[in-house]
Structures are given as C-alpha cells and as structure tokens.
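The values are calculated or read from the model by the stated rules, or taken from the named source; none is laboratory data. Note that the structure is predicted; figures quoted are calculated from it, not measured. Backbone-built Cβ (ideal geometry, glycine too); neighbour counts: all protein chains shown. For accessibility, only protein heavy atoms count, side chains too; no ligands or nucleic acids. Shrake-Rupley method; radii C 1.70, N 1.55, O 1.52, S 1.80 Å.
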Amino acid sequence: MRSVRTMLAALALGLGLASAARAEDIVVTHYASLLYGTPYAVALDKGYFKQAGVDVSSILTSKGGGTSVRNMMAGDTLFAEVAFPAVLSALKESFPIKIISGGTDGPSSFWVTRPGEKIDTPEDLKGKRFVYSRPKSVSESTIFAVLKSHGIKPSEVTMVAIGDFGAGLTALEHNKIDIAIIPEPIYSQKMKAGAKYQIIPWLDAKLPPYTQTVGITTDEMIAKKGDKLRAVIEGRRKGVDFLYANQKEAAASLAKGYNLPPDIAASALAGLLKQTPDWFGRGDLKIKLMDLTAQSLIETGALAGAVDWKAAIDDRFIPKDLQSRTQ
C-alpha cells in the first residue's frame, strides 16, 4: 500500500512539475512575414525566453487586424503582440483583455504606385484606390491618418482590403489598385527580384509618430500566469537590446526564424532601422503616443469614443526600470 501511495505521490509531483514547466504559445502579428516578430526570433535563437523563466514553444502568426486578437482569444495562448487599432476595437467590444507592454512605433513601410503614375500632390490622391490588409489593421488606420494629414476625406478615395501585402502588390501591378504599402522584408525581396515601383515619399511626411503594435493578454492569464507574462516581456526586451547592439547577428537570427535568405534578412532589418531607428520598443508603454494614435482613429471614424487607459492597461509586468519610462 505504501509503495502505491509513493508511486501516486511521485506521479502527482511529476504532473505538477510538468504543468509548471508547460511550454507556452504566443501570437505575434504577421510573424515570419513582416518584421514585428524580429525581437522574438532573436529571443528564441539566443534562449532569452528560457533565461527569463518561460518556455515559448511556438509563435503563432496571423494576417493582422482583429484576426490576431481572435487567435489569442481562441486558445490557451499566453500573450500576443498585435495591431494597436485592433486592440482598441476589442476593448470597445468589452473583450476581457489588457494592454501590458509596448511594441512598435512609427513608420515601417514604403508607399508605392506604378512607374509613370502622376501622384505628386494631395489633390492627385482623390479617386485613387488604396490597398490595406484587413479591417482594424495598422495599414488601414495608417491610410486614414495619411488622408487626414493631407486634408483628403476617406470618401474621396477607394479602400480595398486584400489580406496579404503580396497580393496587394500583384493588384497594383495589374492596375486593380493605385497605391500600395510595401513593408520589409517584402520590399527587399521585391527589389532583389527586379520589381519596378514608383515610391511616393511625401505621402506620410506629415504624419506624427504613432503606435503600431502593443502587447496584450487576457484577464485570465493575468490572474494565473503573471510570472510568465513578465518573462515574455523581459525575453523580448533582451531581443530588442541585442538587435540594436548587434544588427548583423540579429539579422542572422531573423533569417533563421523566418526562413529568409541571409542577404534579404540583413537588407530588410537595415532598411527598417534606417527609416525608423527606434521602431522596436523595449516594452515600455508610450501612453501619450498611444493616446495621439487613438485620437486620430476617433477623428477619422475608425474608433468610437475615448479610451479609458486606466481600465485598458496593466503595466505590472513591464521590467521595473522601464515602468518609470511609461508615460
């Protein structure tokens, strides 16, 4: 009898340890296709998540917008870095989620049209067809903000949701739309393949800084797995610090994690950081910037009503030295 009890106790202990060490899934918007996931690829490659105290088994992806939030809500997923407009929309719909860390801020893409197209002034935008990924995505909200900055009403253009950025470029090439966004690494891939596009450099020149992505989790995960949430944010922060200090090695981790040719990974990361040198935030919440972004969404009709930041945010899991920078 004692041996049976001993076996049962050992089994229970083993199951408990296995549960405590259970690997976690996280969601990162456009992982393995756009560069939002670069710090996570570095952190996985360098072992930063395990060092911080969490075993990240896999990074789930999505094609942006509200899809990323729904993917996190659909399963027992610990954490997600997703499009800020989608998070605000979900909060308005009373999803049981909180913003717990900062992600990326500022421009990261090129605006292009076909060679020879006359798009030289804001007046030339009227009647043009813009392509974006999905409703409530960064690309949709950025188009709204761009139009507003030039005094153009959304009703004066046509906006086409196409899902994949590559499909948007195909639509541009076949004259189905007029203006597309090319983020990295798609831009570097297209240039290597010999694509010809006309960049519209002035299109987003008037845009103020804006929040692209934030880290979120569910109220349930906050109650059950605070230490692991803290570890994910710390692991990502180490990945960001590494890529700023060692861009060449970070590009190698990116190539490995995204299955990219090394030269494309290096070109994409260099191009992004040339455009916005501090695009990858270290996890601190830039609330003033977030509020400016939310106000822009409200003014363009993409968001209904002001955001209650006290209800929307839980900053307890940000590293202590970064909490003082949250403002």
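Scanning segment 115-153 for residues that are buried (at least 21 other Cβ atoms within 10 Å of the Cβ), of a type outside the set (A, V, I, L, M, F, W, C) and not in a loop (DSSP other than H, G, I, E, B) yields TYR132, SER139, GLU140, SER141, THR142. For segment 308-321, check the following and say yes or no: at least one residue is farther than 25 Å from PRO135 by Cβ, small (Gly, Ala, Ser) and at pLDDT 90 or above. Scanning segment 308-321, I find no residue that is farther than 25 Å from PRO135 by Cβ, small (Gly, Ala, Ser) and at pLDDT 90 or above, so the answer is no. Taken over segment 291-306, the criterion of being more than 20 Å from the chain's Cα centre (by Cα), assigned to a loop (DSSP other than H, G, I, E, B) and at negative phi is satisfied by THR300, ALA304, ALA306. For segment 194-248, enumerate the residues that are over 30 Å from ALA145 (Cβ atoms), open to solvent by 50 Å² or more (accessible area, probe 1.4 Å) and among the aliphatic types (A, V, I, L, M). Listed by number, the residues that qualify are ALA223, ALA245. One residue stands out among those in segment 22-53 that are of a type in the set (Asp, Glu) and in contact with a helix residue (DSSP H, G or I) (Cβ under 7 Å, 6 or more places away or on another chain): the one that is most open to solvent (accessible area, probe 1.4 Å), which is ASP45. For residues in segment 164-193 being in contact (Cβ under 8 Å) with a residue 12 or more places away in the chain and more than 27 Å from LEU273 (Cβ to Cβ), which is most open to solvent (accessible area, probe 1.4 Å)? Restricting to residues being in contact (Cβ under 8 Å) with a residue 12 or more places away in the chain and more than 27 Å from LEU273 (Cβ to Cβ), the top hit is LYS176. Scanning segment 233-247 for residues that are of a type outside the set (A, V, I, L, M) and in contact with a helix residue (DSSP H, G or I) (Cβ under 7 Å, 6 or more places away or on another chain) yields GLU234, GLY235, ARG236, LYS238, GLY239, PHE242, GLN247.
Looking at this structure, is LEU91 open to solvent by less than 10 Å² (accessible area, probe 1.4 Å), within 30 Å of ALA312 (Cβ to Cβ) and not aromatic (Phe, Trp, Tyr)? Judged against the criteria, LEU91 is not a match.
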